[in-house]
Structure formats: structure tokens, C-alpha cells
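This report refers to the structure that appears directly beneath it.
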There are 2 protein chains.
Amino acid sequence: MNARVDDLDRKILTELQADASQTLDEIASKVGSSKTPVWNRIRKMRETGVIGATTVILDPDKLGLEACFFVLIRTSEHEAEWQNKFLETLRARPEVLEAHRLAGEIDYILKVQVANARAYDDFYQALISEVRIFNVTALLSMERIKHTTALPV
Amino acid sequence: MNARVDDLDRKILTELQADASQTLDEIASKVGSSKTPVWNRIRKMRETGVIGATTVILDPDKLGLEACFFVLIRTSEHEAEWQNKFLETLRARPEVLEAHRLAGEIDYILKVQVANARAYDDFYQALISEVRIFNVTALLSMERIKHTTALPV
DNA sequence: GCTGAAACGTTTACTTG
DNA sequence: CAAGTAAACGTTTCAGC
């Protein structure tokens, strides 16, 4: 399930990740090609799913979402029913930006972006009232040192 | 530093986060307004930095980046010089997608996206050879349950 | 601050080298 | 497989309300 992507494709992806609002002509000249081949490659990568959504990056602070928590979760439940309920809860909560099931002692990690500690506690209370959780550790971010959506292509 | 954003602005942001390649007409009709006011609001939000870069979301699996690690770091060093070196190292490494300085016992958390465990180890060895680190725990993601760049506006 | 329309630029598809 | 081209479409600006 690993798409064939050549060197020119990678250059195009780098440009799109840096700024997807560039015109085809700009991208073409930066990657050393011309409009038509660049356009065809982008279309193909969209079709194969290498390129997904085009989106816009917002500033959380300017929108009053000043608190970012990483939440480490251990649970004693490992049944399918419990897991489904847990996943549904996470997917339904827009403040959960990321959720991963982990290998090892800690079962899940969440990234939660909220207005303040109070808003995090509201989320936390809602979560533990919906699903049984054994142990939760919340790590509060003091400073976002680096933040990128750009994969190393 | 908290921008004034009204209800119509929030609707526009929701649309842009969902799909920034929509035309102004599409966005305008979805949010119940028309082209010009939507365009003026988008421009203002770009100027004030509420809206940042337009980008494209790539599929890490399709690009062969199949391993995602969350790295918990404790250090005994808290001098400015050490910290600068550490930050520079992280910023220079494209596999580090996210890095936060934390409150509490754990000093830093990183999100690292690489091809495989071997590539993670290369990163880890490079990191500890460049800066003194007291304790590192790597959490390997088995499954990405949720992943969004969309903030809850 | 909105509407509508006109000017301008970009995308897309197709034809040709 | 690339370049050129032209029609379709989208964006941006501006005058009038």
C-alpha cells in the first residue's frame, strides 16, 4: 500500500506542504518542470490518496484555545465493546485533535486543545463518566517549540 | 492577543479547515453570506494571523513513514545554552513534527514520524549524541485512532 | 457593510510537436 | 511526454446602494 513516488513527486509535495495556495506555474518553476506534468502528477497523487485534504492552519492562541494537553491513558478494559465506546467518544469530541493506541504500558495517548484548565477538566470529567479508565496522566504544554504538518518527504 | 472573531467568521473557519480548496461561492453559500464579505473576512483573518498557511495533508503510510513515536524526555540540564542547542536540534530534524516544553516531571514531549523502528533509533542516537538527556521514554503508536488539524472553533 | 458586475488571473483539457 | 493554447472558471477589485 506504498505509493510509487519519484524525486519530482517529492519536490512537488514539499512545495504543496509549504504552501498549497501557490499557482501551478510557481510550483513548476521551483521544481524545474512545467505546468502540465506537474498538474498531472498532483492529480494522480490525489487519486491514489498520497495527497489528502487541502486545509488551513489556524492559530490556537488567537482563537482563545490557549491550553494544550497530552493525556496518557491506562485502562484495565480491553473488550471490543469498551473500545468502541471509547473511540466513539474521542471522535465525537472536537477538542481531541489526535488519539493513538500505543504499544506498551500506556494504552492510549491523546492531544487535547482547549481554552484553559477548566475546559480540560470539563473534557476529563465527561470522558471518565462515559468510559471506565484505570489511570490518567495529563501533561500540560507550557510552550509549543515546534509544530508542523509537513511530513519529511 | 486574542482576535475578535464572530459567528460568521467561525463558520468560515470551519469550512476552510474542512476544505480550503472550496471556491468563495461555495463557502459563501454554506455560511449564508455572499462572496465579497466572505472574501474580506478571510483577508482580515489572514492579516491578523488567525489563518496561517494553506497546506495539504499527506498520507504517511503511502509515503513509507509507517512508524509514529511519542517521546517523553527528562533532562537534568536547565541552562539557556543547553536549551538552545536542544531546540535547534529539534527544529533541524524534519522527522520531529511536534515538540512541546511541559509543566511537571517530564520536561519535553516530541512527536516523531519515521519509516520504521530503525529510523527512529537513528534519530534517537543522533539526538543523545548532540545533547545530554537524563531519561527518554518512547511510546510507539500502533494505530492512529484520530488525526485532525481542525481546531474546535 | 453588502451587492453585483467587470477585469484579471488560474485551472483544465485538448491539440500539436 | 512536454509545450502551447484557448475556453471555462475562480478571484479580486470597485462603483453604487
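The values are calculated or read from the model by the stated rules, or taken from the named source; none is laboratory data. This is a predicted model, so every value here is computed, not measured. Neighbour counts are summed over all protein chains in view; Cβ atoms, including those assigned to glycine, are modelled from backbone coordinates with ideal geometry. Note: accessible area is taken over every heavy atom of the protein model, side chains too, but ligands, DNA and RNA are not part of it. Shrake-Rupley method; radii C 1.70, N 1.55, O 1.52, S 1.80 Å.
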Show me the helices (runs of 4 or more DSSP H) entirely contained within the stretch B:1-71 in which 2 or more residues are of a type in the set (Lys, Arg) and out of contact with any helix residue (DSSP H, G or I) (no Cβ under 7 Å at 6 or more places or on another chain).
B:35-47
If a residue has to be farther than 14 Å from B:Ala103 by Cα, more than 8 Å from chain B (Cβ to nearest Cβ) and surrounded by fewer than 20 Cβ atoms within 10 Å (Cβ to Cβ) to count, how many in the stretch A:60-76 make the cut?
4
Which members of the stretch A:102-153 meet the condition of being in the same structural domain as A:Cys68 (by TED's automatic domain parsing), of a type in the set (A, V, I, L, M) and not in a strand (DSSP E or B)?
A:Ala103, A:Ile106, A:Ala115, A:Ala117, A:Ala119, A:Ala126, A:Leu127, A:Ile128, A:Val131, A:Ile133
Within the bounds of the stretch A:27-47, is there any residue that is open to solvent by 20 Å² or more (accessible area, probe 1.4 Å), on the phi > 0 side of the Ramachandran plot and out of contact with any Lys or Arg (no Cβ under 7 Å at 6 or more places or on another chain)?
yes
Which of the residues that make up the stretch B:7-26 are open to solvent by less than 70 Å² (accessible area, probe 1.4 Å), more than 10 Å from DNA strand D (Cβ to nearest atom) and over 22 Å from the mean Cα position of the chain (by Cα)?
B:Leu8, B:Asp9
Yes or no: A:Lys85 surrounded by 19 or more Cβ atoms within 10 Å (Cβ to Cβ) and in contact (Cβ under 8 Å) with a residue 24 or more places away in the chain?
no
Of all residues in the stretch B:90-101, which are of a type in the set (D, E, K, R) and either in a strand (DSSP E or B) or over 24 Å from A:Ala53 (Cβ atoms) (or both)?
B:Arg91, B:Arg93, B:Glu98, B:Arg101
Complete set of residues in the stretch A:33-84 that are within 24 Å of the chain's Cα centre (by Cα) and within 13 Å of DNA strand C (Cβ to nearest atom)
A:Ile42, A:Arg43, A:Lys44, A:Met45, A:Arg46, A:Glu47, A:Ile51, A:Thr54
Subset of the stretch B:140-153 (residues that are over 20 Å from A:Phe86 (Cα atoms) and crowded, with 16+ Cβ neighbours inside 10 Å):
B:Ala150, B:Leu151, B:Val153
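Output yes when any residue across the stretch B:110-122 is of a type in the set (Phe, Trp, Tyr), buried (at least 16 other Cβ atoms within 10 Å of the Cβ) and closer than 18 Å to A:Phe69 by Cα, and no when none is.
no
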Exactly one of these conditions fails for A:Lys30: (1) at pLDDT below 95; (2) within 13 Å of DNA strand D (Cβ to nearest atom). Give me its number.
(2)
Hits in the stretch B:82-105 (condition: under 19 Å from B:Asn135 (Cα atoms) and either touching a Pro at 6+ places or on another chain (Cβ under 7 Å) or more than 7 Å from chain A (Cβ to nearest Cβ) (or both)):
B:Trp82, B:Gln83, B:Asn84, B:Lys85, B:Phe86, B:Thr89, B:Glu105
Given the conditions (1) within 11 Å of chain A (Cβ to nearest Cβ); (2) out of contact with any Ser or Thr (no Cβ under 6 Å at 6 or more places or on another chain); (3) without any contact (Cβ under 8 Å) to a residue 24 or more places away in the chain; (4) more than 14 Å from A:Leu151 (Cα to Cα), every one holds for B:Asp122 apart from (1)
Mind checking whether some residue in the stretch A:91-104 is free of Cβ contacts under 8 Å to residues at least 24 places away in the same chain, open to solvent by 30 Å² or more (accessible area, probe 1.4 Å) and on the phi > 0 side of the Ramachandran plot?
yes
